[in-house]
1. Out of Leu37, Leu92, Leu62, any idea which swings most in a Gaussian network model of the chain, alpha carbons joined below 10 Å?
2. Project the alpha carbons of the chain onto their principal axes and report the range along each, largest first, in whole Å.
3. As a test question: what accessible area, to the nearest 10 Å², does Ile81 have when a 1.4 Å probe is rolled over all protein chains in place?
4. Among Gly83, Gly106, Gly75, whose mean-square fluctuation peaks in a Gaussian network model of the chain (Cα, cutoff 10 Å)?
5. Give me the 1.4 Å probe accessible area per residue for the chain, excluding ligands and nucleic acids, in Å².
6. Using the alpha-carbon centroid of each, what span in Å lies between segment 1-80 and segment 84-116?
7. When the accessible area of the chain is computed with all protein chains present and a 1.4 Å probe, what percentage of it is carbon and sulfur?
8. Of the candidates Thr95, Thr31, Thr22, which one comes out as most mobile in a Gaussian network treatment of the chain with C-alpha springs shorter than 10 Å?
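The values are calculated or read from the model by the stated rules, or taken from the named source; none is laboratory data. All of these numbers come straight from a predicted model, not from anything done at the bench. Backbone-built Cβ (ideal geometry, glycine too); neighbour counts: all protein chains shown. With ligands, DNA and RNA removed, areas are computed over all heavy atoms of the protein, side chains included. Shrake-Rupley method; radii C 1.70, N 1.55, O 1.52, S 1.80 Å.
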Amino acid sequence: MIIGVGIDVVDIPRFGATLARTPRLLERLFTPSERGLRLPSLAARFAAKEALAKSLGAPVGLSWQDANVVKDEWGRPDLEIRGSVLARAEQLKITTLHVSLSHDAGIASAVVIAEG
């Protein structure tokens, strides 16, 4: 059963300007394994974290560091969750998270489906 759906879209150049203006934001938003990625991939991962929060009902208190976008063995995006994000997923009885990322023409987007 689908418990939640989230979608987010990020303007890549605008996101890059924000990161340049506020360098500490990179550490606040992304895990160490995500920080070395190119700007389009960072923007898509930010969109995924926003979409994830929306699929969980956008509760207050979620930590950006508690969600990590990784690739599975086939190269598809996947979400690793812990801490505040895992606690919310368990509260909602979510057993599976599906994520899709895209970036093209200056736009990054992500969709997250929470299933339980």
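1. For the chain, modelled as a Gaussian network with Cα springs under 10 Å, the answer is Leu37.
2. 38, 27, 25
3. Accessible area of Ile81: about 40 Å².
4. Gly75
5. Value for the chain: 57 Å² per residue.
6. Taking the Cα centre of segment 84-116 as reference, the centre of segment 1-80 is 10 Å away.
7. Carbon and sulfur: 55 percent of the exposed surface of the chain.
8. Result: Thr22 has the largest fluctuation of those listed.
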